[in-house]
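Visitor: Before we start, here is the structure in question, set down as structure tokens.
Please treat every number below as a calculation from the coordinates, not as lab data. Keep in mind the model is a prediction, meaning the values are calculated, not measured. A quick note on method: Cβ atoms are made from the backbone with ideal geometry, for glycine too, and the neighbour counts reach across all protein chains shown.
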Amino acid sequence: MSTENAALPQPPAIPGPKPSLLIVRAPYYREIVDGLTMGARGILEAAGAPFEIIDVAGAYELPQGIRLALRGVRRFDGFIALGCVVRGETDHYEFICASAMNGLLQLTLTYGIALGTGLLTVDTLEQARARAGADGFNKGAEAAVAALKQIAAGRQLGAW
């Protein structure tokens, strides 16, 4: 989706207590993931939503990191997955992108979690920088908004 004419991401209203979120990051491309994190933090802080951050080894481990959190004793109202995969010369890109995204989807369907996904799958680092910058059109911010909207929908429907 092009963000050329899109409104800047804004935190939605969340009924009930402030939601607690876990940001799971794959900081292989640290500059990019730090930019995504900055965007997500801005939205969560504006919403007054407390959050924690953990890092995993890479994009492939994003679903595993969230699953570990689900097994733990601490509870989160939602999750945000942040990472970046840049196309290379082998089919590794397709495998990692498909596996990570399918793993994240399976978590949402199996466990009914609220998840915002900010896993960039790009051809170049320039494309990634354009999606992780401070100009407001930041995919980390969009992922945070998505997670908060899912939490709001779950609460509205009595899922939580």
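Visitor: Given H placed 1.01 Å from N in the peptide plane, which residues other than close sequence neighbours of residue 119 have an amide H under 5 Å from its amide H?
Guide: 83
Visitor: Could you list the trypsin sites (Lys or Arg not before Pro) in the stretch 1-83 that lie in coil according to DSSP, counting only those with at most 13 other Cβ atoms within 10 Å of their Cβ? Mind showing how you got there, number by number?
Guide: Values: sites: 25, 30, 41, 67, 71, 74, 75; in loops: 74, 75.
For trypsin sites (Lys or Arg not before Pro) across the stretch 1-83 that sit outside H, G, I, E and B with at most 13 neighbouring Cβ atoms in 10 Å, the list reads 74, 75.
Visitor: Determine which residues of the stretch 56-90 fall in the zone a paramagnetic label at residue 106 would reach in this model, i.e. backbone nitrogen under 15 Å from the point 7 Å along Cα→Cβ.
Guide: From the stretch 56-90, the list is 60-68.
Visitor: A further question follows. For q = 0.09, 0.11, 0.14, 0.19 Å⁻¹, what log10 I(q)/I(0) does the chain give under the Debye formula with an equal point scatterer on each alpha carbon and no solvent?
Guide: The Cα Debye sum returns log10 ratios of -0.27, -0.40, -0.65, -1.19.
Visitor: I've got another one for you. Of 17, 103, 118, whose Cα points farthest to the positive end of the dipole of the stretch 1-148 (charges on the beta-carbon: +1 Lys, Arg; -1 Asp, Glu; origin at the Cα centre)?
Guide: Positive-end residue among those listed: 17.
Visitor: Per the Kirkwood definition applied to all pairs of different Cα atoms, how many angstroms is the hydrodynamic radius of the stretch 70-157?
Guide: About 14.3 Å, per the Kirkwood formula over Cα pairs.
Visitor: Okay, moving on. What does the net charge come to around residue 87 if you take all other residues with beta carbon closer than 12 Å to its beta carbon, with K and R at +1 and D and E at -1?
Guide: Every neighbour counted, the sum reads -4.
Visitor: Using only the alpha carbons of the stretch 110-160, determine the length spanned along each of the three principal axes and report them from longest to shortest in whole angstroms.
Guide: On the principal axes, the stretch 110-160 reaches 42, 24, 8 Å in Cα extent.
Visitor: Exposed loop sites here are GluC sites (Glu not before Pro) in DSSP loop states with at most 12 other C-beta atoms within 10 Å. What is the longest stretch of the chain lacking them?
Guide: Longest stretch, sites excluded: 5-88.
Visitor: Can you run the Rg to Rh ratio on the stretch 48-112? Use alpha carbon positions and the Kirkwood inverse-distance Rh.
Guide: So for the stretch 48-112, dividing Rg by the Kirkwood Rh gives 1.01.
Visitor: Please identify the helices of the chain, taking whole runs of DSSP H, that span at least 24 Å along their own axis as judged from the Cα atoms and have a mean Kyte-Doolittle score of -0.5 or higher.
Guide: Answer set is 30-47, 92-111, 139-156.
Visitor: Summing -39500 (n - 2.57) over the DSSP H runs of n ≥ 4 in the chain and dividing by its residue number, what mean residue ellipticity at 222 nm do you reach, to the nearest 500 deg cm²/dmol? Intermediate results must be reported in sequence, preceding the final value.
Guide: Numbers: 5 runs with 73 residues, N = 160.
Dividing the helical sum by the residues of the chain leaves -15000 deg cm²/dmol.
Visitor: Sticking with this structure for a sec: Within the stretch 146-160, whose backbone N sits under 12 Å from a point 7 Å along Cα→Cβ of residue 46?
Guide: Taking a point 7 Å out along Cα→Cβ of residue 46, the residues of the stretch 146-160 whose backbone N falls under 12 Å are 146.
Visitor: On to the next question. Rounded to the nearest Å, what's the spacing between the alpha carbon centres of the stretch 119-135 and the stretch 77-109? Just the number, please.
Guide: When both Cα centres are located, 15 Å separates them.
Visitor: Treating only the Cβ of Lys, Arg, Asp and Glu as charged (+1, +1, -1, -1), what charge dipole size does the chain show about its Cα centre? Round to the nearest 20 debye. Working shown, then result.
Guide: Values: 14 positive and 15 negative charges, 149 e Å.
For this selection, approximately 720 debye.
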